[in-house]
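Here's the structure, in structure tokens; my notes come after.
Nothing in this text is a laboratory measurement; each read-out follows from the coordinates by a stated rule. All values derive from a computational prediction rather than experimental measurement. Reconstructed Cβ throughout: ideal geometry from the backbone, glycine too, with neighbour counts over all protein chains shown.
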Amino acid sequence: MSKISRDEVAHLAGLARLAVTEQELDTFAGQLDQILDAVAKVGQVAAEDIPPTSHAVPVTNVFREDVVRPGLSREQALSGAPAAEENRFRVPRILSEEA
């Protein structure tokens, strides 16, 4: 027996704002039944004595040493800019003043 009805599929399609045909409702109902069966099988396998995992193998982060380095001076940073004004980058206006 089907776990999900055509009406439920139509409701889900409406929530997702998808236009589906009558034939697609039948197809999707069958596909969603298969998905629900697969999820149920996974639920049967999961046991309380098995800890949840996010990766199949242990993952270790490798961090580099934090080293303080000097940054660019204002003049150096502005030297590569196409336009500068009053010690700042000049960029084209994209919004009107009426905002």
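Some points to look at:
- Among residues of region 1-27, those that are of a type in the set (Val, Ile, Thr) and assigned to a loop (DSSP other than H, G, I, E, B), counted: 3
- Restricting attention to region 48-98, the residues that are in contact with a helix residue (DSSP H, G or I) (Cβ under 9 Å, 6 or more places away or on another chain), basic (Lys, Arg) and part of a loop (DSSP other than H, G, I, E, B) add up to 0.
- Among the residues of region 13-26, those that are without any contact (Cβ under 8 Å) to a residue 12 or more places away in the chain and surrounded by 13 or more Cβ atoms within 10 Å (Cβ to Cβ) comprise 20, 24.
- Of all the listed residues (81, 29, 77), the sole one being surrounded by 10 or more Cβ atoms within 10 Å (Cβ to Cβ), in contact with a strand residue (DSSP E or B) (Cβ under 6 Å, 6 or more places away or on another chain) and hydrophobic (A, V, I, L, M, F, W, C) is 81.
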